[in-house]
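Here's the structure we're looking at; comments come further down.
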Amino acid sequence: MGLGMGAPEYSDADVERMADTVAALVAGGMTLQGAQTALAYAPGELVHAGRLLYENRLNLIKDFPDPEILAEKERRAGFWYSGPRNDDVVWPTLKSRLLEELPEAAVDGVDAASSKVIGLGSPPGKESIKTRGLVLGYVQSGKTTNFMSVVAKAADVGYRLIIVLTGTTENLRTQTQDRINDYLIKPCNSIWNPLTSVDLDFSMTTPADAILSNTSMRSIAVVKKNPARLRRLHKWIKTASVTTRQNCPILIIDDEADQASIDVGTKRQSTINGLIRDLLSNPKAAYIAYTATPFANLLIDPSVEHDLYPRDFIVDLPRPDNYFGAERIFGQLEGESLEDSVDDGLDVVRLISESEVDGVRPPRNKTLLEQWSPEVPDAMDAAIRWFLLATAARRLRAGKVAHSSMLIHTSMLAGAHEKTAEAVVDHLDGLRAGLVNEAPAAFDIFRDLWDSESARVTADSFGNQPIAFDDLMPHLIETARASKVIVDNYQSNDRLEYDKDHPQTAIVIGGNTLSRGLTLEGLTSSYFVRASSAYDTLLQMGRWFGYRVGYEDLIRIWMSSELKSWFFMLSVVEAEIRAEIQVYEAEGKTPAELPVKIRTHPQMSVTSAAKMRSAVKAQVSYSGRRVQTIMFKEDDQGWLKENITATKTLFERLISEGHDENELDASRRGFRDVSADHILNLLASYQVHEAAKSIDKDAIRRYIEKERAEGDLKRWDVVLMEPYNGEEELDLGLKGKVRLLRRKKMYIPSDDGTANLKAIASTSDRVADLGVDLDFLRKSLNLKSTDKITDRQLLQFRQLRQTERTGLLCIYPIGKESDPDPGKSAQGPVENRRVPLSAAADVIGLCFMFPDSRNPRSAVDYIAAKVDAEYLEALEEELEAADKLDEAKAAEDELVTA
């Protein structure tokens with residue numbers, strides 16, 4: 001490598017080694033300039049070349065696909081980690097293993113994301129480390145791979161003690177320990193000192209000084225979030241000398257960080273939170289939380305300095321293209337324009353009748369639970385049969401046996417699992433006998449199920465091989481013989497093990513372990529009836545989310561209609577939080593400035609009532625939000641006509657004041673520069689469905705009043721969102737009758753005649769009063785014709801066009817007999833498609849579109865910790881029982897290791 005005229009020549013290897021030396025000095029706590037000064041003994045040209053390469057590496061990291069990052073400005077500016085060095089050991093070994101299992105592009109993404117996480121933390125050589133970070137992934141999306149990569153790089157740069165906190169159960173701890181053993185410890189066993197094993201949680205008796213003072217070794221512990229284990233760990237670290245602890249960088253990875261880690265006021269949770277904070281009281285301790293459900297983590301009071309709020313950084317990992325998440329399964333909220341059809345998700349959800357739901361949920365009374373004798377009802381029977389069929393199809397397609405699982409989740413109570421398992425075992429025995437004996441009737445039921453289901457979600461829609469039932473039959477018998485039933489909870493002796501050399505075909509029945517981090521390999525069929533009134537608990541239960549390459553068409557989920565509607569709302573809430581992180585990243589804000597806007601929903605609180613101890617007092621702004629009505633009383637003619645009257649009254653008042661219905665520049669009818677008083681009057685008389693908690697009339701009213709007092713939202717534009725070619729008409733007091741939209745409703749059985757339209761507004765409606773089309777918008781935003789326009793982009797476009805903070809109200813007139821495709825025959829059973837609206841009167845929908853607020857005082861009380869007790873199960877007793885069992889086990893472990 002030439003360095004200029006007359007300069008000595010240095011090889012690429014020389015420069016690489018110098019760049020590694022610079023990186024090591026920076027990791028040790030030096031500034032870049034300080035590192036260069038410390039290298040004054042080396043040739044200046046070589047040091048300069050090494051520094052240039054080091055800086056170039058920093059830039060190269062940014063060339064990989066980036067996660068979204070919210071971080072302190074100083075932390076971004078001081079980004080110190082330049083990526084893996086030539087003398088690293090653990091990460092290169094792990095990367096080689098990952099390349100055997102994942103596409104190179106995916107490994108590059110993991111490499112880039114983990115480097116970002118390491119770099120946002122603190123150099124291990126820094127005198128004091130107090131990092132608090134959060135990595136937001138997706139349920140079953142590879143968070144473990146990401147944090148193992150962070151662990152590998154942390155070990156390479158000099159973090160000496162790494163603690164991985166798992167969930168609250170031994171099965172989850174064991175699964176995590178097994179993966180860490182396989183991917184990290186065994187391939188590099190010469191530098192690792194494991195403090196736990198698959199069989200033993202933390203019970204170390206060797207003095208901490210002897211272990212933590214060894215600069216060449218890396219110690220790692222995989223520990224349950226259990227009071228007894230955490231106390232032992234903290235006490236053991238404290239036995240080390242002050243000097244040893246001062247020089248020992250500690251990294252704590254908190255997996256499933258929203259579970260058990262947050263101080264929620266209960267004795268157990270406060271204890272675990274306090275013990276984690278004790279671990280972080282060491283002089284050099286970094287804490288990185290990993291979760292797919294950040295609701296509770298982001299509701300921690302950020303002003304409490306020593307708590308776990310991610311004040312330093314939040315990293316939102318990108319969603320992989322082939323990932324099956326809530327949006328893919330349950331659909332999207334809206335189309336780009338009013339004419340777009342809305343994606344309702346894959347046709348993989350099958351509804352369970354309410355009578356069946358009541359039959360499989362156990363009684364809460366312990367005496368009644370002992371007498372309870374559940375059976376396998378119709379939908380559970382179909383789910384089990386489908387599991388056998390789908391597993392057989394996977395075997396036929398792949399030409400080999402692979403892990404295949406079914407989930408049955410009806411309760412969190414351990415006592416209910418055994419009884420359910422007994423019924424399932426008996427039922428599976430009967431199915432197996434019918435197949436083995438080749439009874440024609442048995443095969444006919446399986447054939448009918450296979451033919452109907454494979455027609456609803458076709459194999460070729462995913463590029464998979466279609467399979468005829470006759471080809472499936474031999475594999476079906478083999479699958480039935482291989483299938484077993486496993487109960488997985490804190491009391492069970494069965495361990496859910498996925499040994500790659502011994503593929504499992506398992507029907508897994510459980511509760512807490514199945515809803516918290518435990519991976520069900522090859523999950524194809526799920527029977528799910530347990531309701532939860534907490535967003536985070538519900539999302540974590542979605543074990544069917546993940547990667548299903550080669551059997552995308554075979555996933556099926558049986559659940560109640562209520563749960564289906566909850567999961568759809570959940571996908572909206574999750575998307576909103578991620579969107580907020582992206583917006584705040586673009587605006588250069590820090591995690592402490594992130595105002596979490598979490599939407600409420602009927603019978604569902606933001607997170608469990610306990611975790612909302614701080615959130616009860618929280619406030620939220622409608623700044624930049626869109627709020628729409630989607631639920632209507634379809635059978636209540638008087639209720640519907642009140643909304644027609646309220647809308648007609650609004651128009652008549654505007655016209656009487658001198659407004660004209662054609663005031664807008666847009667092609668639609670509407671009114672410009674309307675006083676906020678008219679909007680508030682409409683709010684007072686318009687009827688909102690009492691179950692539609694996502695639109696709170698009182699909160700909206702108070703927000704508008706606060707904004708108006710500060711000089712904004714005084715004026716509004718009102719747009720009538722008529723179709724351009726509608727035939728049905730409604731008199732709303734304008735010059736000509738109003739053309740009516742057609743909207744289908746979601747098929748969600750309702751006793752009270754509620755029609756849920758899922759969405760009435762489209763993305764482009766944000767600028768419905770500005771007279772611009774989608775092509776113009778794309779050109780203005782420098783987007784390609786194929787790029788999707790976001791609401792945030794339209795909000796920014798709108799605010800550039802308007803000097804004042806003007807509100808926008810869009811009014812959607814919808815025909816009572818509403819079917820957008822009257823000539824098109826419906827596909828598939830009614831349960832998984834939209835059905836025509838058949839209302840007692842025409843429907844008026846509203847969407848309030850708010851500009852960004854300039855007034856922080858406009859926030860209003862919003863989040864309420866109201867949980868319907870009918871949907872909660874008292875788990876505290878079971879968790880305490882599990883803790884006592886573990887305390888006894890810990891005492892045995894100490895005897896073993898002593």
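The values are calculated or read from the model by the stated rules, or taken from the named source; none is laboratory data. Values in this document were obtained by computation on a predicted structure and should not be read as measured data. We place every Cβ from the backbone using ideal geometry, glycine too, and count neighbours over all the protein chains shown.
Just a few scattered comments:
- Out of T144, T176, T168, one residue alone is surrounded by 23 or more Cβ atoms within 10 Å (Cβ to Cβ) and either assigned to a helix (DSSP H, G or I) or of a type in the set (F, W, Y) (or both). It is T176.
- Counted residues, segment 687-717 - those being outside any helix (DSSP H, G or I) and in contact with a strand residue (DSSP E or B) (Cβ under 7 Å, 6 or more places away or on another chain): 10
- Of residues in segment 453-472 being of a type in the set (G, A, S) and part of a helix (DSSP H, G or I), the one nearest to A382 (Cα to Cα): S454
- Yes/no for L682 being assigned to a loop (DSSP other than H, G, I, E, B), buried (at least 16 other Cβ atoms within 10 Å of the Cβ) and touching a strand residue (DSSP E or B) at 6+ places or on another chain (Cβ under 9 Å): no
- Flag for E127 being assigned to a helix (DSSP H, G or I), acidic (D, E) and at negative phi: no
- Filtered residues of segment 120-135 (kept if surrounded by fewer than 23 Cβ atoms within 10 Å (Cβ to Cβ) and hydrophobic (A, V, I, L, M, F, W, C)): I129
- Of residues in segment 799-812 being farther than 25 Å from R743 by Cβ and not β-branched (V, I, T), the one surrounded by the fewest Cβ atoms within 10 Å (Cβ to Cβ): L800
- The criterion of being in the same structural domain as D819 (by TED's automatic domain parsing), aromatic (F, W, Y) and under 24 Å from M631 (Cα atoms) does not hold for Y703.
- Conditions (1) among the basic types (K, R); (2) under 27 Å from the mean Cα position of the chain (by Cα); (3) modelled with pLDDT of 90 or more: number failed by R516: (3)
- Contact annotation: residue pairs with Cβ atoms under 8 Å, 6 or more positions apart or on different chains, pairing a residue in segment 438-458 that is under 15 Å from T391 (Cα atoms) with a partner that is small (G, A, S) and modelled with pLDDT of 95 or more, are L449/A382.
- Filtering segment 359-394 to residues that are modelled with pLDDT under 85, of a type in the set (K, R) and closer than 17 Å to V424 by Cβ leaves only R361.
Conditions tested, residue by residue: (1) assigned to a strand (DSSP E or B); (2) within 22 Å of A691 (Cα to Cα); (3) modelled with pLDDT under 70; (4) among the aromatic types (F, W, Y).
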{"position": "L795", "(1), (2), (3), (4)": "no, no, no, no"}
{"position": "Q799", "(1), (2), (3), (4)": "no, no, no, no"}
{"position": "P822", "(1), (2), (3), (4)": "no, no, yes, no"}
{"position": "S825", "(1), (2), (3), (4)": "no, no, yes, no"}
{"position": "R854", "(1), (2), (3), (4)": "no, no, no, no"}
{"position": "I863", "(1), (2), (3), (4)": "no, yes, yes, no"}
{"position": "V896", "(1), (2), (3), (4)": "no, no, yes, no"}
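- Of the residues contained in segment 70-89, one or more are found to be among the hydroxyl-bearing types (S, T, Y) and either within 25 Å of V583 (Cα to Cα) or in contact (Cβ under 8 Å) with a residue 12 or more places away in the chain (or both).
- Residues of segment 431-447 that are in a helix (DSSP H, G or I) and surrounded by fewer than 12 Cβ atoms within 10 Å (Cβ to Cβ): P440, A441, D444.
- V117 vs. criteria part of a helix (DSSP H, G or I), at pLDDT 90 or above and crowded, with 16+ Cβ neighbours inside 10 Å: yes
- In segment 356-399, the residues that are under 19 Å from G510 (Cα atoms), more than 32 Å from the chain's Cα centre (by Cα) and assigned to a helix (DSSP H, G or I): K366, L369, E370
- Every pair of residues 6+ apart whose Cβ atoms lie under 7 Å, when the first sits in segment 135-162 and is assigned by TED's automatic domain parsing to the domain that holds N282 and on the phi > 0 side of the Ramachandran plot while the second is among the aromatic types (F, W, Y) and at pLDDT below 95: Q140/F545
- Test: residue in segment 458-474 that is at positive phi, assigned by TED's automatic domain parsing to the domain that holds P377 and not aromatic (F, W, Y): yes
- Residue check, T168 modelled with pLDDT under 90 and of a type outside the set (A, V, I, L, M): yes
- Hey, P194 more than 30 Å from N489 (Cα to Cα) and either in the same structural domain as R232 (by TED's automatic domain parsing) or at pLDDT 95 or above (or both) or not: no
- Filter result for F776 (modelled with pLDDT of 80 or more and part of a strand (DSSP E or B)): no
- Checking E418, E422 one by one, the residue that is in the same structural domain as V487 (by TED's automatic domain parsing), of a type in the set (D, E), surrounded by 13 or more Cβ atoms within 10 Å (Cβ to Cβ) and farther than 18 Å from A383 by Cα is E418 and no other.
- D769 vs. criteria at pLDDT 90 or above, among the acidic types (D, E), surrounded by fewer than 19 Cβ atoms within 10 Å (Cβ to Cβ) and in the same structural domain as W716 (by TED's automatic domain parsing): no
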